Amino acid sequence: MNFKKHLLAYLLIGISALSMVQCSGDSEILATYDGGTVTRGEMNFVIDASKRGQTEAQPVSPDIQVKILESIALEKILLLDGVQSKKVDPADVKKIETLVSDFLKFNVYMREYTKEAVKNKPLEFVDLQIALIRGSDIAENEKKADELLAKLNDASKSEVNKLISEFTADVTRKPVGGKLEPFCVNCSITPLEDIISEARKVKQGKFVKYSKEKENQIIYLVRITGDEKVHPERVVKYLTNVFKNFQEEATEYGKSQTLDEETKNAVNYFTEGDLDEKGKQFAQHTLKQFEQGLYQKEMTRLKDVSGIEVNPIPPVFGPEGIDPKNYGPDLVLYTKKDKSTYTWKDLENDFASVPSALKSEYKDPKLKIWDMLNLFQSTLLQGKIAQESPDVQGISKETGYLMQLDKMRVSLALKAFQDEVKSVPVNVTEQQLRDSYEAGKLYAYSTPDPKNPQNRIPQSYAQVRERIKSEMEGAQRNAFVEQKISGLKTTYNLKVAQDRLKEVTL
């Protein structure tokens, strides 16, 4: 069984790894133990969380459901047992709840908001057609661009495609007359925003010249050929049709031209492969960007509503880059709407409320400051913003929030269990190590023969001794874990209602 090396990670990154989707709320009890129950809604929540962004429904067999139910119950039992055996202090449980409750509300609210927005808001696409002028002579670039711009704006649609295919410096777009895949303008921020903004200054269908300041070695002649709002459910079909149109254009281009190797590869890019799969993959990528954009915009809105102004702190990228003198008690981390401030001293007080079981010993003050910064930036700040939002505070009865709060409580029991596992006496003799080596030297402890891949070359005993020792000690600890789990199931009379479980698709 694997555990986090530092359980503070439950506060900093553990919760963000789970998709905060709201479960069905189904209250049907599927597992019982002395002291509590597990509902179908809780099981569905874990299944949804495990999908991690996958949009397609997945079948879940009864056997997997049993394992999930047992896992949820065992976490609850572990906390219950930890409190009863005095390995977990109830006061620490309360500290965790107070410290992270607002952050969890913020996180659940944001995930729920994004989930619903992705279903209901359309993606806004813009179609771009670009000719690229590139060269080391800036004056010559300007001349070529001006000449081609005049021709493009006087040309018919078919002539435009031919002109771009002939003169653009972007070989990869020659087969489709400089057209780009539809660009989502209400997704997350991208480098094309400046070009689109310039193209919108003229009538749709007209080309405009654009180059980034001090980058006149590249000049873009760009126009917008269309805008379209597409519901998320239609994105795959919409993009697949675009790729099919590109395929037809590239095929015709390939037939009408004598192609060099580079241009042939460009044609192949548009004409080969499964277009349905290409459309699906591009759609998934675009929808993910759309979701990120929605998330960022709502997060910015909540921050603006809160009135919190964060004081920028010079970035550091690890404990080694920290100078403790820069983090005095009066350092202002943010200012609230009423002009009151949150200082480094306030952060020290909040950090002190993190149960000691979840913190390191911090022999080096830089390590403590590093963890404090991470806690503030990834957890506490969002919680402070959440305190100012009625929308976020309304999440307090949602299943997603309650289950995540349970996860935080359980982190204390997991840390206690981790310490218990670490303290298990393990004893591996030299003879056991050598016996394991002899048994596996032609398989696990060997490398392929470079001269004959069918043969393997044994590594020396010295090369793999520590690896074998670690594996055997781990096996002994895992045996203890399995024994402990079995004992908890028996002691707390864990039962799963298997007769109520059928294969489901979620």
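May I ask you to say which residue of 136, 101 is polar (S, T, N, Q) and either part of a helix (DSSP H, G or I) or under 30 Å from residue 251 (Cα atoms) (or both)? Before you say what the answer is, go through the steps one by one.
On the way: 136 fails: either part of a helix (DSSP H, G or I) or under 30 Å from residue 251 (Cα atoms) (or both).
Going through 136, 101 in turn, just one is polar (S, T, N, Q) and either part of a helix (DSSP H, G or I) or under 30 Å from residue 251 (Cα atoms) (or both): 101.
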Here are the criteria: (1) exposed (fewer than 15 other Cβ atoms within 10 Å of the Cβ); (2) within 30 Å of residue 118 (Cβ to Cβ); (3) of a type outside the set (S, T, N, Q). Tell me which single one residue 198 does not satisfy. (1)
Of the residues that make up the range 52-73, is at least one part of a helix (DSSP H, G or I), crowded, with 17+ Cβ neighbours inside 10 Å, in contact with a Pro (Cβ under 9 Å, 6 or more places away or on another chain) and not aliphatic (A, V, I, L, M)? no
Among the residues of the range 359-371, are any part of a helix (DSSP H, G or I), touching an Asp or Glu at 6+ places or on another chain (Cβ under 8 Å), on the phi < 0 side of the Ramachandran plot and open to solvent by less than 30 Å² (accessible area, probe 1.4 Å)? no
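Given the residues 351, 317, which is the only one that is in a loop (DSSP other than H, G, I, E, B) and among the aromatic types (Phe, Trp, Tyr)? Quick ask: steps written out before the conclusion?
Details: 351 fails: in a loop (DSSP other than H, G, I, E, B).
Every option except 317 fails the conditions.
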If we keep just the residues of the range 415-429 that are open to solvent by less than 30 Å² (accessible area, probe 1.4 Å) and either modelled with pLDDT of 90 or more or assigned to a helix (DSSP H, G or I) (or both), which is farthest from residue 355 (Cα to Cα)? 428
May I ask you to list the residues in the range 98-145 that are out of contact with any strand residue (DSSP E or B) (no Cβ under 6 Å at 6 or more places or on another chain) and loosely packed, with under 14 Cβ neighbours inside 10 Å? 98, 116, 119, 120, 136, 137, 138, 139, 140, 143
Filter the range 484-506 down to residues that are surrounded by 11 or more Cβ atoms within 10 Å (Cβ to Cβ) and in a helix (DSSP H, G or I) and give me whichever is modelled with the lowest pLDDT. 500
Residue 116 vs (1) under 30 Å from residue 285 (Cβ atoms); (2) in a helix (DSSP H, G or I); (3) in contact (Cβ under 8 Å) with a residue 40 or more places away in the chain; (4) acidic (Asp, Glu): all pass except (3)
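May I ask you to list the residues in the range 419-435 that are more than 40 Å from the chain's Cα centre (by Cα) and either more than 18 Å from residue 479 (Cα to Cα) or not polar (S, T, N, Q) (or both)?
428, 430, 431, 433, 434, 435
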Counting only residues that are in a helix (DSSP H, G or I) and farther than 27 Å from residue 113 by Cα, which one in the range 272-293 is least open to solvent (accessible area, probe 1.4 Å)? 275
Check the range 401-422 and report whether any residue there is closer than 30 Å to residue 94 by Cβ and β-branched (Val, Ile, Thr). yes
Considering only residues of the range 305-343 that are open to solvent by 50 Å² or more (accessible area, probe 1.4 Å), touching a residue at least 24 places away in the same chain (Cβ under 8 Å) and under 28 Å from the mean Cα position of the chain (by Cα), which is farthest from residue 113 (Cα to Cα)? 320
For the structure I just gave you, tell me whether residue 19 is in a loop (DSSP other than H, G, I, E, B) and modelled with pLDDT of 75 or more. no
Scan the range 229-245 residue by residue and report those that are more than 19 Å from residue 178 (Cα to Cα), open to solvent by 50 Å² or more (accessible area, probe 1.4 Å) and in contact with a helix residue (DSSP H, G or I) (Cβ under 8 Å, 6 or more places away or on another chain). 236, 237
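Given the residues 442, 380, which is the only one that is out of contact with any His (no Cβ under 7 Å at 6 or more places or on another chain) and surrounded by fewer than 17 Cβ atoms within 10 Å (Cβ to Cβ)?
Details: 380 fails: surrounded by fewer than 17 Cβ atoms within 10 Å (Cβ to Cβ).
From the options 442, 380, the qualifying one is 442.
Residue check: is residue 185 more than 16 Å from residue 125 (Cβ to Cβ) and not hydroxyl-bearing (Ser, Thr, Tyr)? Explain how you work it out, then say what you get.
On the way: more than 16 Å from residue 125 (Cβ to Cβ): no; not hydroxyl-bearing (Ser, Thr, Tyr): yes.
No; evaluated as a whole, the condition is false for this residue.
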Among the numbered criteria (1) assigned to a helix (DSSP H, G or I); (2) open to solvent by 30 Å² or more (accessible area, probe 1.4 Å), which one does residue 302 miss? (2)
With respect to residue 345, is the statement that it is assigned to a helix (DSSP H, G or I) and out of contact with any helix residue (DSSP H, G or I) (no Cβ under 7 Å at 6 or more places or on another chain) true? yes
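Run down 436, 470 and say which single residue is free of Cβ contacts under 8 Å to residues at least 12 places away in the same chain, part of a helix (DSSP H, G or I) and among the polar types (S, T, N, Q). First the steps, then the outcome.
Values: 436 fails: free of Cβ contacts under 8 Å to residues at least 12 places away in the same chain.
It is 470.
The values are calculated or read from the model by the stated rules, or taken from the named source; none is laboratory data. Predicted model, so just to flag it, every value in this text is computed and none were measured. Every residue, glycine as well, gets a Cβ built from its backbone with ideal geometry; the counts of neighbours run over all protein chains shown. Side chains are part of the model used for accessible areas, which takes the heavy atoms of the whole protein and leaves out ligands, DNA and RNA. Shrake-Rupley method; radii C 1.70, N 1.55, O 1.52, S 1.80 Å.
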